[in-house]
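Peer 1: Provided herewith is a single structure, encoded as structure tokens, for subsequent inquiry.
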Amino acid sequence: MTLAELDLTGDLARPARLTVSDLLRWPQHRVRVSFECATSGVQHHGFTGPLLYDVLSDAGPGFDPARRKDRLRFLIVVTGADGHHALLSWAEIDPDFAHAPVLLAVGIDDTPLDLAGPQLVLPQDRCGARHISGITAIRVDGAYGGRWPAPATPGRASTAAP
């Protein structure tokens with residue numbers, strides 16, 4: 001039996017490879033969620049797991065203390081085994097800003113997700129479009145901040161400024 005793993009990478013002091021068992025080390029939260037799905041109607045589920053904020057904070061995001069509100073330029077990309085991605089800003093999960101209770105679910109409806117892998121759960125989202133099953137990677141990225149894309153010319157791709 002192979003346990004699912006996720007790679008925690010990016011601008012972190014302590015990148016890691018985590019399993020569902022590892023995620024049980026953080027305080028566990030329970031949420032009931034109703035998602036309105038275009039294809040299957042309303043779905044109701046109960047999820048348990050640590051807050052994404054807690055897990056990422058423990059990994060040591062590379063915020064620059066000399067830059068005021070530096071954490072606001074950080075993005076979080078979550079990837080699932082099926083290739084789906086979700087993008088969040090650090091401000092969404094930070095208690096000083098939106099403080100969204102985003103979970104890395106280790107259980108759904110009292111069923112452990114050891115083999116399938118954790119799920120990204122955003123209880124505040126009306127539809128489940130950012131719900132990611134079988135998370136394989138989470139990347140924290142603050143490096144994009146100094147490079148802005150050049151305006152696109154119709155018919156040509158934009159390029160990053162040097």
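The values are calculated or read from the model by the stated rules, or taken from the named source; none is laboratory data. Source: prediction; values computed, not measured. In this analysis, Cβ positions are derived from the backbone assuming ideal geometry, glycine residues included, and neighbour counts consider all displayed protein chains. SASA here: full protein model, heavy atoms, side chains in, ligands and nucleic acids out. Shrake-Rupley method; radii C 1.70, N 1.55, O 1.52, S 1.80 Å.
Peer 1: Confirm whether residue 141 is of a type in the set (Asp, Glu) and at pLDDT 90 or above. Outline the logic, then answer.
Peer 2: Numbers: of a type in the set (Asp, Glu): yes; at pLDDT 90 or above: yes.
Yes.
Peer 1: Need pairs with beta-carbon distance below 6 Å; first residue on the phi < 0 side of the Ramachandran plot and of a type in the set (Lys, Arg) and within the range 121-133, second open to solvent by less than 20 Å² (accessible area, probe 1.4 Å) and in a strand (DSSP E or B); sequence gap 6+ or separate chains.
Peer 2: 130/86
Peer 1: Let me ask something else about it. Can you tell me how many residues within the range 116-139 are open to solvent by 10 Å² or more (accessible area, probe 1.4 Å) and more than 22 Å from residue 3 (Cβ to Cβ)?
Peer 2: So the count comes out to 8.
Peer 1: Further, regarding this structure: Spot the failing condition for residue 22; the list is (1) over 17 Å from residue 136 (Cα atoms); (2) free of Cβ contacts under 8 Å to residues at least 12 places away in the same chain, and only one is missed.
Peer 2: Every listed condition holds for residue 22 apart from (1).
Peer 1: Just name the residue that is nearest to residue 129 (Cα to Cα) out of those in the range 94-115 that are acidic (Asp, Glu) and surrounded by 14 or more Cβ atoms within 10 Å (Cβ to Cβ).
Peer 2: For the range 94-115, the residue satisfying everything is 94.
Peer 1: Looking at the range 98-117, which of its residues are under 17 Å from the mean Cα position of the chain (by Cα), part of a loop (DSSP other than H, G, I, E, B) and touching a residue at least 60 places away in the same chain (Cβ under 8 Å)?
Peer 2: Result: 101, 106, 113, 116, 117.
Peer 1: Failed condition for residue 25, given (1) more than 20 Å from residue 123 (Cα to Cα); (2) within 15 Å of the chain's Cα centre (by Cα), with all others met?
Peer 2: (2)
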